[in-house]
Amino acid sequence: NYGEVCYYIKELMEKHTFQLIETVADVLAREILLKFPLVQKIALEVKKPNAPIMLPFEYVSVAVERQWHNVYVGIGSNMGNREANIGNAVKMLNEQRDCIVTKASGLYTTAPYGYTDQPEFLNGALCVKTLQSPEQFLRTLHSIEQQLGRERTIHWGPRTIDLDILLYDDIVMSTETLTIPHIDMENRLFVLKPLDEIAGFMRHPILNKTIHQLYTQLEEK
């Protein structure tokens, strides 16, 4: 409740020393979301009187908004112990303080895509609740891949683990390093089949069709 949140904020402020009110706002918002599971989104303003600014003012303030995000992740492996690789990746995601794996599909044996001269894959899908931005979450996935021995030597080649952001809330974005929704996911059964199992209701933000509709249409081809 509100009283518990206020008491927790008081505790945090007594335990830590902050140089910038921007840091105060960001840390408080993040810690409140982590401490209180029922809080999904927070808007927070931190005010500082008597700041060292040579202008007449009552106070300076910083406002932030933070929230939990739902990210759908494609996961696959075709090297070594595939089940163990996938299990380790899920475990490592859950060990991130600001990530919680909330759903996991079954695992499906699928033929390799693109570069076909390689072993069959095990593929699945995850729903991850996270406080990280898309770029931060991508770095987290790449770090897990690296720790599990992924080597990017052949495009679409064999890999110990593959972790791809498929959907992030209803965001549409494209940068040099990240495109959401995942490129061409609507034409990949190994993506849509496990994703349909855990998120058939989700709507592709560009195609305006549900994952179940996309999966059904592709399987009928």
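The values are calculated or read from the model by the stated rules, or taken from the named source; none is laboratory data. In this text, all values refer to a predicted model and were calculated from it rather than measured experimentally. With ideal geometry, Cβ positions are generated from the backbone for all residues, glycine too; neighbour counts draw on all protein chains shown. Note: accessible area is taken over every heavy atom of the protein model, side chains too, but ligands, DNA and RNA are not part of it. Shrake-Rupley method; radii C 1.70, N 1.55, O 1.52, S 1.80 Å.
Backbone amide hydrogens, once placed in the peptide plane, bring K103 within less than 5 Å of C127, excluding anything fewer than 5 places away on its chain.
Think of a 1.4 Å ball rolled over the protein heavy atoms: the chain then has 58 Å² of accessible area per residue.
Listed values for region 119-128 are Karplus-derived 3J(HN,Hα) couplings in whole Hz (6.51 cos²θ - 1.76 cosθ + 1.60, θ = phi - 60°), namely x, 5, 9, 9, 10, x, 9, 10, 10, 10, and x replaces Gly and Pro. Nearest 0.05, what FRET efficiency do K35 and E83 give at R0 = 41 Å with Cβ-Cβ as r? Computed FRET efficiency for K35 and E83: 0.75. Across region 133-139, computed HN-Hα scalar couplings (Karplus, 6.51 cos²θ - 1.76 cosθ + 1.60, θ = phi - 60°) run 6, x, 5, 5, 5, 4, 4 Hz from first to last residue, x flagging Gly and Pro. Its alpha carbons considered, region 73-154 gives a radius of gyration followed by a Dmax of 13.0, 38 Å. Among the protein heavy atoms, those of K193 account for about 80 Å² of accessible surface (1.4 Å probe, every chain in place).
Each 5 Å bin, from zero up to the one with the longest distance, holds this percent of the alpha carbon pairs of the chain: 1, 6, 13, 15, 16, 14, 10, 8, 7, 5, 3, 2, 1, 0, 0. Sequence-ordered 3J(HN,Hα) estimates for region 6-16 from the Karplus curve with 6.51, -1.76 and 1.60 and θ = phi - 60° stand at 4, 5, 5, 4, 4, 4, 4, 5, 6, 7, 10 Hz, glycine and proline given as x. Simple spin-label estimate for Y2 and K209 gives 4.8 nm between the two label positions (7 Å along the Cα-to-Cβ direction from each Cα).
Placing unit charges on the Cβ atoms only, positive for Lys and Arg and negative for Asp and Glu, gives the chain a dipole magnitude near 300 debye about its Cα centre. Taking the 1.4 Å solvent-accessible surface of the chain as the whole, the part contributed by carbon and sulfur is 52%. Within the shell of other residues whose beta carbon sits under 13 angstrom from the beta carbon of Q213, the net charge comes to -2, with Lys and Arg scored +1 and Asp and Glu -1. Computed from the C-alpha gyration tensor, the three semi-axes of the ellipsoid equivalent to region 149-221 are 23, 16, 11 Å, from longest to shortest.
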